[in-house]
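So the structure is just underneath, and the comments pick up after that.
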Amino acid sequence: KLTANLAIFHMDMTDFQVLEFTGTQFQTFNVAGAKSTGAELELLGRFHPNMIINFALAYTDARYSDDCDDGVPAGVLPTVLTLCGEQLTNAPKWAGVAGVTYDGPLNSSGWGLLANVNVNYSGARRTSTTPTETAAPFAPLPFDWQENYFKINARLGFKTPDEKFTFEVWGTNLSNEITRGITANTPLRGGAGQRSRIAFPEEPRTYGVTVRSKF
């Protein structure tokens, strides 16, 4: 009735490629190394024939190595020096999900019922490539960190007795958490200490209806 999976991992990556968005284009460069250490726990409960309860929690310390500037070309060295020892972009230390799903009959009517709700959690994470300016006094860049958040998703569906049609209503990010995926410097706007920043927001509250049919 209960399944548990535990994974403990450590990755040591050399010649790690970094993708940076400059505001007008994406560019890549390599650093000497990056590391990722952590653990993942997954629980799956089947305490009812038609119901599943799931829970997962992950801790990940994904960071650039302290000597990530070893052997780096001079052209990208100022940028790479701001990365060494810092957390990787969009790699929160804590992340988790919990949910419950019912997929079975709706009373004795012959109709089927699908109901699901899940809650996703993300800890604070960096959203830009470099955390600070590349020259002294190396001031932190604004809006580099996205604060921790919860997002709630849900789905409710009904299946006809002949199983030919399914009608579903669903919603994602029901709490309408406005979060950033990537943040970068605005081209030709502001300078060190007075940066203008642009960001790509992630999906806001979204909802809809889905109709499925079997032929």
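The values are calculated or read from the model by the stated rules, or taken from the named source; none is laboratory data. The structure presented is a predicted model; accordingly, all values stated were derived computationally and were not measured. Don't worry about glycine lacking a Cβ; one is built from the backbone with ideal geometry, like all the others, and counts go over all protein chains shown. Side chains included, ligands, DNA and RNA excluded: accessible areas come from the protein's heavy atoms. Shrake-Rupley method; radii C 1.70, N 1.55, O 1.52, S 1.80 Å.
So, Pro131, is that one in contact (Cβ under 8 Å) with a residue 40 or more places away in the chain and not hydroxyl-bearing (Ser, Thr, Tyr) or not? Considered against the rule, which asks whether it is in contact (Cβ under 8 Å) with a residue 40 or more places away in the chain and not hydroxyl-bearing (Ser, Thr, Tyr), Pro131 comes out as yes.
Any residue that is among the hydrophobic types (A, V, I, L, M, F, W, C), open to solvent by less than 90 Å² (accessible area, probe 1.4 Å), modelled with pLDDT under 95 and farther than 30 Å from Asp103 by Cβ - is there at least one of those in segment 34-44? Taking every residue of segment 34-44 in turn, none turns out to be among the hydrophobic types (A, V, I, L, M, F, W, C), open to solvent by less than 90 Å² (accessible area, probe 1.4 Å), modelled with pLDDT under 95 and farther than 30 Å from Asp103 by Cβ. From the list Phe138, Phe143, Phe150, Phe167, the one residue that fits, being at pLDDT 95 or above and either over 30 Å from Gly23 (Cα atoms) or part of a loop (DSSP other than H, G, I, E, B) (or both), is Phe167. For segment 159-167, the condition holds for at least one residue, the condition being that it is out of contact with any strand residue (DSSP E or B) (no Cβ under 6 Å at 6 or more places or on another chain), without any contact (Cβ under 8 Å) to a residue 40 or more places away in the chain, open to solvent by 40 Å² or more (accessible area, probe 1.4 Å) and charged (D, E, K, R).
Among the residues of segment 136-154, those identified as closer than 19 Å to Val97 by Cα and open to solvent by 80 Å² or more (accessible area, probe 1.4 Å) are Glu147, Asn148, Phe150.
Just so you know, in segment 18-33 the residues that are in contact (Cβ under 8 Å) with a residue 24 or more places away in the chain and open to solvent by 50 Å² or more (accessible area, probe 1.4 Å) include one that is farthest from Pro73 (Cα to Cα), and it is Thr24.
Within segment 187-205, not a single residue is within 30 Å of Gly112 (Cβ to Cβ), among the hydrophobic types (A, V, I, L, M, F, W, C), at pLDDT below 90 and not in a strand (DSSP E or B).
Consider Arg125 carefully, then state whether it is open to solvent by 50 Å² or more (accessible area, probe 1.4 Å), within 24 Å of Arg197 (Cβ to Cβ) and in contact with a strand residue (DSSP E or B) (Cβ under 6 Å, 6 or more places away or on another chain). The answer is no for Arg125.
In segment 1-17, the residues that are over 12 Å from Thr37 (Cβ atoms) reach residues that are polar (S, T, N, Q) and in a strand (DSSP E or B) with C-beta atoms within less than 9 angstrom, at least six apart or across chains, in these pairs: Asp15/Asn30; Phe16/Asn30; Gln17/Thr28; Gln17/Asn30. Could you tell me whether Ala58 is surrounded by 15 or more Cβ atoms within 10 Å (Cβ to Cβ) and at pLDDT 95 or above? When the stated conditions are applied, Ala58 passes them.
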